[in-house]
1. Output the qualifying pairs, or none if there are none: Cβ atoms under 6 angstrom, residues six or more apart or on different chains, first residue in segment 171-200 and open to solvent by 30 Å² or more (accessible area, probe 1.4 Å), second residue among the acidic types (Asp, Glu) and assigned to a loop (DSSP other than H, G, I, E, B).
2. For residues that are closer than 30 Å to Pro157 by Cα, open to solvent by 40 Å² or more (accessible area, probe 1.4 Å) and either in a strand (DSSP E or B) or among the charged types (D, E, K, R) (or both), tally how many sit in segment 34-82.
3. Answer yes or no as to whether Trp213 is open to solvent by 50 Å² or more (accessible area, probe 1.4 Å), within 26 Å of Leu161 (Cα to Cα) and at pLDDT 95 or above.
4. Which pairs do you get when a residue that is part of a loop (DSSP other than H, G, I, E, B), found in segment 130-142, comes within reach of a residue that is open to solvent by less than 30 Å² (accessible area, probe 1.4 Å) and of a type in the set (Gly, Ala, Ser), reach meaning Cβ atoms under 6 angstrom, with the pair 6+ apart or on two chains?
5. Scan segment 153-172 and tell me whether some residue there is out of contact with any Ser or Thr (no Cβ under 8 Å at 6 or more places or on another chain) and on the phi > 0 side of the Ramachandran plot.
6. Tell me the residue from Arg117, Arg87, Arg127 that is in a strand (DSSP E or B) and surrounded by fewer than 21 Cβ atoms within 10 Å (Cβ to Cβ), please.
7. Is it the case, given these coordinates, that Gly234 is under 20 Å from the mean Cα position of the chain (by Cα), surrounded by 14 or more Cβ atoms within 10 Å (Cβ to Cβ) and small (Gly, Ala, Ser)?
8. Go through segment 61-71 and count every residue that is out of contact with any Ser or Thr (no Cβ under 8 Å at 6 or more places or on another chain) and over 14 Å from Gly27 (Cβ atoms).
Amino acid sequence: MSTTGRLVLFSTQETKILASVPLEDLGFEITGETGFCISPDNEFAVVSQASGPNAALVNVKTGKIISKLSRGDYHCENSHFPVAFFRNEDRTYLIAASDWNRLDLYDPATGKVLSERGPTCYVNKERPPHYLDYFHGGLCVSPDQQFVVDNGWVWHPMGFLRAWNLPAWLNNEWESEDGPTYRDLACREAWDEPVCWINNFTLASWGWGDEEWMVPAAVLIDVRDGKQLQWFPGPKVRMSGAWPPRRLTESFFFDQYLFAVHDNDGTTVWDIKSGDCLLTDPQVKPWRYHPDSKEFIEITQTGFRVSTLIDACAIE
């Protein structure tokens, strides 16, 4: 999304303006800290303040704002705005934060909340059942749309990676708080750091260690039971950090091999079985990767660059 509100499609084949979002209706400025998330069917998108409380659900074809979203302003500057789309039985759903410790399911076509429940917070009252003392962070949905990972934090502060099953959430409104499929995946000093999916149930998470020391590494975790499968040292990534201004560029991508991106060192390619670094390209520093078209996109000082993955270990 451009600073003028235009929704633009980039590829090696074309650059196409899809629609324009009225900035006066958006309610916040488009900046380098503006997040953008699009649904798997390309019908809907959410524009959000990465370090702020506000977001907007948008119709991609028309640019019309379907509904306004807010997570409140309680320490919202410390984590990415939690938002993601997923598909289940040919229907699209939106996940978005509606408070610091609450996620809701929405029908993106109407903006209607589908996960009514309560209470989820309290002040000077008895602690309610299912209360979640957790600040939600960036969300990441598995390729098969079955699981979601939450990259949030709790007071010390400490980062906690969490995961739960999405179809189960559709049948249990409390699944994101303490449902049967909820799993703790990792605890470390950092949060909203790079993650990516290796397959439908294996997550690659950056960093080995906790508390006051973390070494560059990739850790593979099975989200079904929360067990660590393996880890290897080496991959350096862009650090998003716990405080604003917040960086929204991604750093971990997977397509047969793990791609790690660092602002100074460029892109490195890793064999997840052996932990060996197979390739280093200091010139290519992509922000996003599209697994279907196998295209990386990078925003440069003069425009943008689209690179294509032409085989398992080469970027053109």
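1. Pairs found: Glu189/Glu211; Asn200/Asp144.
2. 7
3. The answer is no for Trp213.
4. Tyr134/Gly152
5. For segment 153-172, residues out of contact with any Ser or Thr (no Cβ under 8 Å at 6 or more places or on another chain) and on the phi > 0 side of the Ramachandran plot: absent.
6. Every option except Arg87 fails the conditions.
7. no
8. 3
The values are calculated or read from the model by the stated rules, or taken from the named source; none is laboratory data. Worth saying up front: this structure is predicted, and the values here are computed from it rather than measured. Cβ sites come from the backbone with ideal geometry, for glycine too, and all protein chains shown count toward neighbours. The protein model used for the area step is the full one, side chains on, heavy atoms only, and it has no ligands, DNA or RNA in it. Shrake-Rupley method; radii C 1.70, N 1.55, O 1.52, S 1.80 Å.
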